[in-house]
Amino acid sequence: MPIAEMKSDFWDERYRQDRFLFSTQPNAFLLDQVKEPPETGQNRALAVGDGEGRNGVWLAERGWQVTSLDYAAEGIAKTERLAALRGVSLTTVCADASTWAFPEEQFDLIVLFYFHLPREAAIRAHAGCVRALKPGGRLLLEGFRKQQMPLSSGGPKGEDWMYAADEIQSDFGVLEATVDRAVGRVLREGRLHGSAAVYQFAGRKAR
Ligand SMILES: C[S@@+](CC[C@H](N)C(=O)[O-])C[C@H]1O[C@@H](n2cnc3c(N)ncnc32)[C@H](O)[C@@H]1O
């Protein structure tokens, strides 16, 4: 693959430092969308490309049974460290989401934050997410859209890796959308900093 973000060692290298690259605070859209605790202590959440675990650990603190998936072993190690610091446990999976066998109808909530893949791989991973949602389950996504290319607030430097409304529609149109919008956001998430062109999506699988 032409750009370095494709490889887990790109992220392992960055996560090896002590400080948390994207902070230890959850993403603001996640905070906005997940206000209530889960209905039962058995409700399961999957955080895809969870990095150093800021979002997965926050969900675990709120009572979700969390699976935090990332292909960077150094990120997984920091997720486990953050969970221990916060006194919660979660399941970590070190795997490539573009080839992972997403289990069928297992999760009540799936979150993807700034999780970018080249288009063909994204199609596979997104289909896996839809399959893995239970009927009635929700999916949340926030990431860069293609208009981010000239901006310096972060993101992969390949247009093919970023979101567009028609791609979101094609991958997640089967979900009933409650949020589906292109927004401008000022990011204050560790290394992601400054004005950004972002896509936000929230959708629910039919019961
Ligand atoms: C920009 S970081 C975002 C991390 C986290 N979601 C957050 O918001 O703090 C992107 C993450 O996706 C992970 N990632 C990229 N491609 C992946 C793949 N194919 N399978 C699993 N994880 C992947 C990287 O290792 C990295 O941790």
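Whole-Hz Karplus values for segment 184-195 come out as x, 10, 9, 7, 9, 10, x, 5, 7, 9, x, 5 Hz, taken residue by residue from phi with 6.51 cos²θ - 1.76 cosθ + 1.60 and θ = phi - 60°; glycine and proline positions read x. In the chain, one over the average inverse separation of all distinct C-alpha pairs is 16.9 Å, which is the Kirkwood hydrodynamic radius.
Just rank Trp100, Trp161, fewest to most, by other beta-carbon atoms within 10 angstrom. List each step's numbers first, then the result.
Values: Trp100 16, Trp161 23.
Lowest count first: Trp100, Trp161.
Checking the table Lys7/Lys205; Lys78/Lys146; Lys157/Lys205; Lys78/Lys205; Lys146/Lys205; Lys35/Lys157 against a 28 Å threshold on Cα-Cα, which pairs fail? With Cα atoms farther than 28 Å apart: Lys7/Lys205; Lys78/Lys146; Lys157/Lys205; Lys78/Lys205; Lys35/Lys157.
A short reminder: the numbers here are calculations on the coordinates, not readings from a lab. In this text the structure is predicted, and so the values were computed from the model without any measurement. Reconstructed Cβ throughout: ideal geometry from the backbone, glycine too, with neighbour counts over all protein chains shown.
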